[in-house]
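First the structure, in the form of structure tokens, and then the observations on it.
Derivation of every value follows stated rules applied to the coordinates shown; laboratory data play no part. Just so it is clear, the structure is predicted and the values come from calculations on it, not from any experiment. All Cβ positions, even for glycine, are placed from backbone atoms using ideal geometry, and neighbour counts span all protein chains on display.
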Amino acid sequence: MNSVKNNPGLWLSDLPQPRPEGNKYDRGHLIILGGTEMTGAARLASEAAMQIGCGLCTIVSAPETKDIYLSGPPHIMFESYKTLQDFSDHLTDPRRNACVIGPGAGRGNAEELRHCVEHVLKLRKATVVDADAMNVFQDKHADLSYVLHENCVLTPHEGEFARLFPFLDGTREERIRKAVELTGAVILLKGPETIICDPGGEMIINDHSTPLLATAGSGDVLAGMIGGLLAEGMPILKACAAASWIHGEAALEFGPGLTAPNIITTIPLVLASL
């Protein structure tokens, strides 16, 4: 099947807009797993989700991280889990309709994190599986594929993709199509040209980018943007395409000196221009 180049015409009509009669719950509630050491990742993802339009966002992490996360923006909520495997209990409320899992999670407790990811995916909610939530399945890709579904997206960079699917060969496009067939999930393969592919065979190439995005936390911001749009109810392939384009446009708009927080603060300017 052919691929198409990412542009706002593909997704702008589906980009969520606040309704005059709406409220914050109508705009979705995103739940993010917060790491215990690399706490900045979840904080970046949560703020990106809110800036792109999500109505509510809650970071769920270990009790000892409470003070760290509550020192962040006051509109980001915090809850503590009893154990990492209990994280999915915080998603049972139907109003909590999307999840980002992986940024800053760490791999020190790999078995617990694998079980955590599996429990979340079995809920079949819109889910972004990023960073360490993929890395802990490096030698257990079949276990991950078993619980993945069409309402979730894997967001690897090239190294993470190669570790997760070392047996796939061919061009980037061929490898991502094979991985999508294996997993039944949407896959967003990050890079200078980001490739997004869904189980229906649709493929979108995003080259609306800049080398300035090679900065710490940029991927966490992208994961939060996708999660925020999913919480708002945007179809998953279009949410990935929109987030990727807006991510690149924000970086291009800000220019030299870009850091991850600059991407976040520029999101509203990009949305206004659209």
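Rank the residues Lys178, Lys24, Lys125 as a footprinting-exposure proxy: fewest other Cβ atoms within 10 Å of their Cβ go first.
Exposure proxy ranking, most exposed first: Lys24, Lys178, Lys125.
Cross-link partners among aspartates and glutamates for Lys5, C-alpha distance below 12 Å, same-chain residues fewer than 8 apart left out?
Partners within reach: Glu193, Glu202, Asp207.
In what order do Arg124, Arg175 fall by count of nearby beta-carbon atoms within 10 Å, going from fewest to most? Before the final figure, lay out the partial values.
Details: Arg124 12, Arg175 19.
In order of increasing Cβ crowding within 10 Å: Arg124, Arg175.
Using a 10 Å cut-off on Cβ atoms, rank the peptides 140-148, 183-191, 42-50 from the highest mean neighbour count down. Don't skip to the end; give the middle numbers.
Numbers: 140-148: 16.3, 183-191: 22.3, 42-50: 29.1.
In decreasing order of mean packing, 140-148, 183-191, 42-50 become 42-50, 183-191, 140-148.
Starting from the coordinates of the alpha-carbon atoms of the chain, obtain the Kirkwood hydrodynamic radius over all distinct pairs and give the value in Å to one decimal.
On the way: mean 1/r = 0.0548 Å⁻¹.
Answer for the chain: a Kirkwood hydrodynamic radius of 18.3 Å.
Sorted by average packing, counted as other Cβ atoms within 10 angstrom per residue and highest first, what order do 35-41, 198-204, 126-132 take? Provide the component values of the computation, followed by the final result.
Details: 35-41: 19.3, 198-204: 17.0, 126-132: 28.3.
Per-residue Cβ counts within 10 Å, averaged per peptide and sorted highest first, yield 126-132, 35-41, 198-204.
Find the eigenvalues of the gyration tensor of the Cα atoms of the range 1-71, then list the square roots of 5 times those eigenvalues as equivalent ellipsoid semi-axes, largest first, in whole angstrom.
Values: eigenvalues 180, 70, 15 Å².
Working from the Cα gyration tensor, I get semi-axes of 30, 19, 9 Å.
Roughly speaking, what % of Cα-Cα pairs in the range 26-67 are separated by over 17 Å, rounded to a whole number? Can you show the working numbers first?
Details: 240 of 861 pairs.
So the pairs more than 17 Å apart make up 28 percent of the total in the range 26-67.
How many angstrom lie between the C-alpha centres of the range 1-76 and the range 193-233?
The range 1-76 and the range 193-233 have Cα centres spaced 14 Å from each other.
Asn7 to Thr259: FRET efficiency via 1/(1 + (r/R0)^6), r the Cβ-Cβ distance, R0 45 Å, to the nearest 0.05? Could you put the intermediate results ahead of the total?
Working: r = 27 Å, r/R0 = 0.59.
Efficiency computed from Cβ-Cβ geometry: 0.95.
Mind putting a number on the dipole of the range 96-240 about its Cα centre? Charges go on the C-beta only, +1 for Lys and Arg and -1 for Asp and Glu, and I need it in Debye to the nearest 20. Display every interim value, and only then the final one.
Numbers: 14 positive and 20 negative charges, 60 e Å.
It comes to approximately 280 debye.
Where nothing but the Cβ of Lys and Arg (+1) and of Asp and Glu (-1) is charged, how large is the charge dipole of the chain around its Cα centre, in debye to the nearest 20? If you can, show how the numbers build up before the last one.
On the way: 22 positive and 33 negative charges, 64 e Å.
Around 300 debye, computed over the chain.
Collect residues whose amide H, placed 1.01 Å from N in the peptide plane, falls under 5 Å from the amide H of Gly233; neighbours closer than 5 in sequence don't count.
Hits under the 5 Å cutoff: none.
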